[in-house]
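A short write-up of the structure that comes next.
Every number here is computed from the coordinates shown, using simple stated rules; none is lab data. Quantities reported herein were computed from a predicted structural model and do not represent experimental measurements. Because the Cβ atoms are built from the backbone with ideal geometry, glycine has one as well, and the counts that use them run over all protein chains shown.
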Amino acid sequence: MTKKSGFAALIGRPNVGKSTLLNEMLGQKIAIMSDKPQTTRNRIQGVYTEERGQVVFIDTPGIHKPKHRLGDFMTKVAQTTLREVDVVLFLVDAKEGRGRGDDFIIERLKNLETPVFLVVNKIDEIHPDKLFEIIDDYRKLFDFTEVIPISALKGNNISTLIEQVFKYMEEGPQYYPEDQVTDHPERFLMSEMIREKVLHLTHEEVPHSIAVDIEQINRRKENAAVHVGAVIIVERSSQKGIIIGKQGKMLKEIGRKAREDIEALLGSKVFLELWVKVEKDWRNKGKYLKEFGYREDEY
C-alpha cells in the first residue's frame, strides 16, 4: 500500500485549544495545556502515524500582538510555520465567537496557496443551532477548503479531521519511526511539564514571565531513579516568593505534580529538584531567550 505523508500546522488565537487538540490526536500528552493564553512558545511537532501514512502536526504559539521580544519570537514562529506545511488548520473558539485576533490571522491566511481548514473547536459548549451562524460568519471572510466542527476536549469528530487532513497529503516518505510521537528531546518536554504546573498552580499571580531551564539529568544506574535538576526563572523577587510559597509548600506541590508527568514520560522513577532564580526582564534579552531555547535566528 502506498503511504502518504506531510505536515499540518495548527494555528489560531491564544487559548483556542491547539495543544489540547494535538494531545488528543496523538493519544498522549506532548504539548502543555493551560487556561492562560500564550502557553505554547515554541513549535511543538507531534507525529501521527497509522496505516495510511504519517502526518507531522505542528502546534504553533497563538498569534497575538507582541509586547516584548519573546512575544515577537512567538508570532514569528507561528507565521513562518504557515509557509512550510501542506495543510493549515485554523482553530477557532465556538464559544467566544470571531474576534480581532481571528481577523488578524485571516488576513495573513489570504497570502497562502496552501489548503486552509476552518476547525471550530469547543462545540460541546454551545447550542448546535448556533454552529451554522459561526461557520457562515467565518466563511464570509475566507474561502476555507474544509470546515470541521470538533471538541478537542471531548474527542468529538477528531477522526473525521484526521481523515480530511490525509486527503490533502501526497505520497511521501515516513519522516519518523512509527513509535515516535514528537521531535523534541526529553529535556524540552520536561521543562514544559514543569512550566505547565507553575501556570496551573500560581494562577494570575505569575503570568508568562517564567521560563524553566533543565540544568541536569543524571541516570546513575540502569533501573535506578533519574535525577533531574531544574531552575524556574522569574522576572521579579515577588514572583520568586509566590512560586516558593509559605514554607516552600508551593514549590513542593509544583515538583510533585511535574514529577508525576516526567515519570510517565521517562517510564522510570524520578527524583526532581527545583530552584527559583530571578533574572530581571529576561523576555527582552537575547542572551536569555537563546539560553532558554527561544532561538530568534532560526526563524
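Which of Lys154/Lys197; Lys122/Lys240; Lys18/Lys257; Lys246/Lys280; Lys95/Lys246 have a Cα-Cα distance over 28 Å? Kindly include the intermediate steps, with their values, before the conclusion.
Working: Lys154/Lys197 22 Å; Lys122/Lys240 35 Å; Lys18/Lys257 22 Å; Lys246/Lys280 23 Å; Lys95/Lys246 38 Å.
Violating the 28 Å limit, Cα to Cα: Lys122/Lys240; Lys95/Lys246.
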Legend entry - Charge sum, other residues only, whose C-beta stays under 9 Å from Lys95's C-beta, Lys/Arg counted +1 and Asp/Glu -1: -2
Inset, instruction - Mind ranking 133-142, 231-240 by how tightly packed they are, going by the mean number of other C-beta atoms within 10 angstrom, highest first? - result: 231-240, 133-142
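Which FRET efficiency value, to the nearest 0.05, is calculated for Gln180 and Ile217 with the Förster distance at 22 angstrom and r the Cβ-Cβ distance? Kindly include the intermediate steps, with their values, before the conclusion.
On the way: r = 19 Å, r/R0 = 0.87.
Rounded to the nearest 0.05, the efficiency is 0.70.
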Legend entry - J(HN,Hα) series, the stretch 169-174, from Karplus relation 6.51 cos²θ - 1.76 cosθ + 1.60, nearest Hz, glycine and proline x: 8, 9, 4, x, x, 8
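Just subtract the alpha-carbon distance of Asp103 and Lys249 from 0.36 nm times their residue separation and send over the number in nm, one decimal. Could the numbers behind the result be given before it?
Working: separation 146, 0.36 × 146 = 52.56 nm, distance 4.33 nm.
Length gained between Asp103 and Lys249: 48.2 nm.
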Inset, instruction - Run the quick spin-label model on Asn111 and Glu273: label points 7 Å from Cα toward the beta carbon, then report their separation in nm to one decimal. - result: 4.8
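By average Cβ neighbour count within 10 Å, what is the ranking of 173-181, 153-161, 257-265 from highest down? Mind showing how you got there, number by number?
On the way: 173-181: 12.0, 153-161: 15.3, 257-265: 17.7.
Listed from highest to lowest mean packing, they are 257-265, 153-161, 173-181.
Taking each pair of different alpha-carbon atoms in the stretch 128-193 once, compute 1/r for the pair, average those values, and report the inverse of that mean as the Kirkwood hydrodynamic radius in Å to one decimal. Mind dumping the intermediate values first?
Numbers: mean 1/r = 0.0639 Å⁻¹.
For the stretch 128-193, the Kirkwood estimate is 15.6 Å.
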